[in-house]
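Enquirer: The structure that follows is given in the form of structure tokens.
The values are calculated or read from the model by the stated rules, or taken from the named source; none is laboratory data. Just so it is clear, the structure is predicted and the values come from calculations on it, not from any experiment. Cβ sites come from the backbone with ideal geometry, for glycine too, and all protein chains shown count toward neighbours. We work out accessible area using only protein heavy atoms, side chains counted, and drop any ligands, DNA or RNA first. Shrake-Rupley method; radii C 1.70, N 1.55, O 1.52, S 1.80 Å.
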Amino acid sequence: ELGPYSHFMQKEIYEQPKALSDTIEAVLDAGFAMQLFGENAEALLPKLTGVKIIACGTSYYAGLTAKYWIESIAGVQCDVEIASEYRYRNAWADPQHLVVTISQSGETLDTMEALKYAKERGHQYALSICNVRESAIPRASELVFYTRAGAEIGVASTKAFTTQLVALFTLAVTLGKVRGRVSAEQEAGYLDDLRHLPGSVQHALNLEPQIKAWADKFAAKDHALFLGRGLHYPIALEGALKLKEISYIHAEAYPAGELKHGPLALVDSAMPVVVIAPNDSLLEKVKSNMQEVRARGGELFVFADADSHFSESEGVHVIRTPRHVGVLSPVVHAIPVQILAYHAALARGTDVDKPRNLAKSVTVE
Ligand code: F6R
């Protein structure tokens, strides 16, 4: 089953261009059409006045990324909730807000229970973004979008995450269209962005040898800090989760603007700092945050694109993708942080596909 690969995680990282093409196919055929979300979508999507996303772990980080897209492209208010917190909170519910659950397995207990709880609180309809057909969560939802990542076996989620991002981006643009905020020209541009995405992801995969060289350095460290801003902050969170989960290196992520509110105190020459810094509107801000790190002796490992115009210097290492891909940039930048975690784990000799204490599908509380 592994073919030329050594681990399922590695295989699944490399399957991402195909997983993305398969998931995008229906969108390229139909455009950003409501029917992509199921037969009830045309009746329900035009009515919603807000979105509440509920998920756990990596799926939650996909939700955090989606908040940026949904609020900026669709102009709809969007909250993102951790399922295990939401379900025990006296949460305020607006019946006109669409509940969106995100789950690779479709069986995560906390997400399932949070969905039931949202219905009890008064939410009327829910969309499931799920990778496993006919699992519990999509069966309990009025609307569904199946990601087509194929079976994901490694405990650490990789291809499920990037296909979830594509599903959520599709939701944002579709809602934007319904609400008259996306012009035909913009829609064509977003379709083009999707069409080019698998190729850009392939370019990111080709960076593996350079990323491995970084990972070999990380393997000797006890801690790492991940920074990003805006759309790339959730990718920093995902990078830190992947690293801690499979290599057992303690990693934390912060929005880079928060550095001086606390985490800067941790920075010294023993603390590698990974920065997700493509050429988006916050790049200049990120650059000044990086200077704050350098001034304290922190070593920077920067994932950028050609348009970010970084050069290497003392204590600043840079790996670049060829060009900036616009609003789908978080999908492309998910790849290098997955590869970094994978190789750091290999270098430390941990069980990549079955990290200690974790299960693939969390069907208990
Ligand atoms: C991390 C990881 C977990 C899952 C989480 C939710 O790599 O895989 O954090 O993302 O347990 O699982 P699903 O998406 O199946 O609900």
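Enquirer: Return yes when Ser105 is outside any helix (DSSP H, G or I), among the hydroxyl-bearing types (Ser, Thr, Tyr), under 26 Å from Gly154 (Cβ atoms) and touching a Pro at 6+ places or on another chain (Cβ under 7 Å) and no when it is not. Even if it seems obvious, please write down each step before you answer.
Expert: Values: outside any helix (DSSP H, G or I): yes; among the hydroxyl-bearing types (Ser, Thr, Tyr): yes; under 26 Å from Gly154 (Cβ atoms): yes; touching a Pro at 6+ places or on another chain (Cβ under 7 Å): no.
Criteria not met by Ser105.
Enquirer: For segment 86-111, which positions are open to solvent by 30 Å² or more (accessible area, probe 1.4 Å) and within 16 Å of the ligand (Cβ to nearest atom)? Quick ask: steps written out before the conclusion?
Expert: To start, the set of residues in segment 86-111 that are open to solvent by 30 Å² or more (accessible area, probe 1.4 Å) comprises 87-90, 92, 94-96, 107, 109.
Listed by number, the residues that qualify are Arg87, Glu107, Leu109.
Enquirer: List every residue pair whose Cβ atoms lie under 8 Å apart, where the two residues are 6 or more positions apart in sequence or sit on different chains, the first residue falls within segment 71-100 and is closer than 11 Å to Leu48 by Cα, and the second residue, located anywhere, is open to solvent by 10 Å² or more (accessible area, probe 1.4 Å) and among the hydrophobic types (A, V, I, L, M, F, W, C).
Expert: Here the result reads Leu98/Leu44, each pair linking segment 71-100 to a residue that is open to solvent by 10 Å² or more (accessible area, probe 1.4 Å) and among the hydrophobic types (A, V, I, L, M, F, W, C).
Enquirer: Go through (1) surrounded by 22 or more Cβ atoms within 10 Å (Cβ to Cβ); (2) among the charged types (D, E, K, R); (3) touching a Phe, Trp or Tyr at 6+ places or on another chain (Cβ under 9 Å) and name the single condition Arg229 misses.
Expert: (3)
Enquirer: Go through segment 290-349 residue by residue and tally those that are more than 19 Å from the chain's Cα centre (by Cα), closer than 25 Å to Gln164 by Cβ and open to solvent by 30 Å² or more (accessible area, probe 1.4 Å).
Expert: 2
Enquirer: From (1) outside any strand (DSSP E or B); (2) closer than 28 Å to Ala345 by Cα, pick out the condition that doesn't hold for Ala251.
Expert: (1)
Enquirer: Now a separate question. In segment 69-85, what residues are of a type in the set (A, V, I, L, M) and either within 13 Å of the ligand (Cβ to nearest atom) or open to solvent by 50 Å² or more (accessible area, probe 1.4 Å) (or both)? Talk me through it step by step, then tell me what you get.
Expert: As a first pass, look at segment 69-85 and keep what is of a type in the set (A, V, I, L, M): 70, 73-74, 76, 80, 82-83.
Hits for segment 69-85 are Ile82, Ala83.
Enquirer: Okay, moving on. Within segment 22-38, track down each residue that is open to solvent by 50 Å² or more (accessible area, probe 1.4 Å) and polar (S, T, N, Q).
Expert: Matches in segment 22-38: Gln35 only.
Enquirer: Then there's this: Anything in segment 12-64 that is part of a helix (DSSP H, G or I), of a type in the set (A, V, I, L, M), within 24 Å of Glu142 (Cβ to Cβ) and more than 16 Å from the ligand (Cβ to nearest atom)? List them, or say none.
Expert: Those that are part of a helix (DSSP H, G or I), of a type in the set (A, V, I, L, M), within 24 Å of Glu142 (Cβ to Cβ) and more than 16 Å from the ligand (Cβ to nearest atom): Ile24, Ala26, Val27, Ala30, Met34, Leu36, Ala41, Ala43, Leu44, Leu45.
Enquirer: If you don't mind, there's one more thing I want to ask. Can you list residue pairs whose Cβ atoms sit under 9 Å apart, with the first residue in segment 183-208 being basic (Lys, Arg) and the second being open to solvent by less than 80 Å² (accessible area, probe 1.4 Å) and modelled with pLDDT of 95 or more? Count only pairs 6 or more apart in sequence or on different chains.
Expert: Taking only residues 6 or more apart or on different chains, the pairs are Arg195/Ile24; Arg195/Leu28.
Enquirer: So is Val318 hydrophobic (A, V, I, L, M, F, W, C) and either in contact (Cβ under 8 Å) with a residue 40 or more places away in the chain or within 14 Å of the ligand (Cβ to nearest atom) (or both) or not? Let's see the steps before the verdict.
Expert: On the way: hydrophobic (A, V, I, L, M, F, W, C): yes; either in contact (Cβ under 8 Å) with a residue 40 or more places away in the chain or within 14 Å of the ligand (Cβ to nearest atom) (or both): no.
When the stated conditions are applied, Val318 does not pass them.
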